[in-house]
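Notes follow the structure.
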Amino acid sequence: MSFMPKWKEGDRVRVISRDVTEEDRKKNRYFEHMAGLTGVIQNVYGDSEIAVRVEPESMSKITREVHIKATERMKDKFLDGLPQEQRRNLTEEELNFKAQYVLLVQESDLEAA
């Protein structure tokens with residue numbers, strides 16, 4: 001039995017590549033597109049579930065493009081809902097926010113990156 005490290009917020013990790021099981025499908029725990037994604041641990045929940053903020057560079061081209069388009073739609077919807085005066089008062093950072101891509105991953109599906 002191999003030693004499983006205890007992860008903490010801020011650790012850089014990679015999602016391992018493995019076969020998807022029937023149990024994964026039932027519980028929506030692991031999917032093929034998650035394999036190889038790297039990121040930083042954002043939160044640790046209990047003994048086995050970990051939120052990983054995925055680095056966009058580790059995403060496939062298609063996933064990255066979908067993420068960018070979704071962020072643009074969120075930004076447009078947010079701005080469209082603001083009165084003109086409030087919109088003028090937004091900072092550059094608020095106008096150009098970047099949405100985070102976060103996955104909930106089982107501890108056993110992570111390795112150090």
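Things worth noting here:
- Cα shape, the chain, gyration tensor, a/c 1.5 rule: prolate
- Taking 0.36 nm per residue of separation and subtracting the current Cα-Cα distance, fully stretching the chain between residue 104 and residue 43 would add 21.0 nm.
- Computed from Cα positions, the angle between helix 61-80 and the longest principal axis of the chain comes to roughly 40 degrees.
- Of the cross-linked pairs 26/98; 26/75; 27/61; 6/27; 26/61; 6/69, those separated by over 30 Å at the C-alpha level are 26/98; 26/75; 6/69.
- Over the chain, DSSP H runs of length four or greater, each weighted -39,500 (n - 2.57), average out per residue to a 222 nm ellipticity of -8500 deg cm²/dmol.
- With R₀ fixed at 30 Å, the C-beta to C-beta distance from residue 58 to residue 80 puts the FRET efficiency at about 0.45.
- Maximal additional length on extending the residue 97-residue 7 stretch stands at 29.6 nm, based on 0.36 nm per residue less the C-alpha distance.
Taken together, the values in this text are just the output of simple stated rules run on the coordinates, not laboratory data. Since the model is a prediction, treat every value here as computed from it, not as a measurement. All Cβ positions, even for glycine, are placed from backbone atoms using ideal geometry, and neighbour counts span all protein chains on display.
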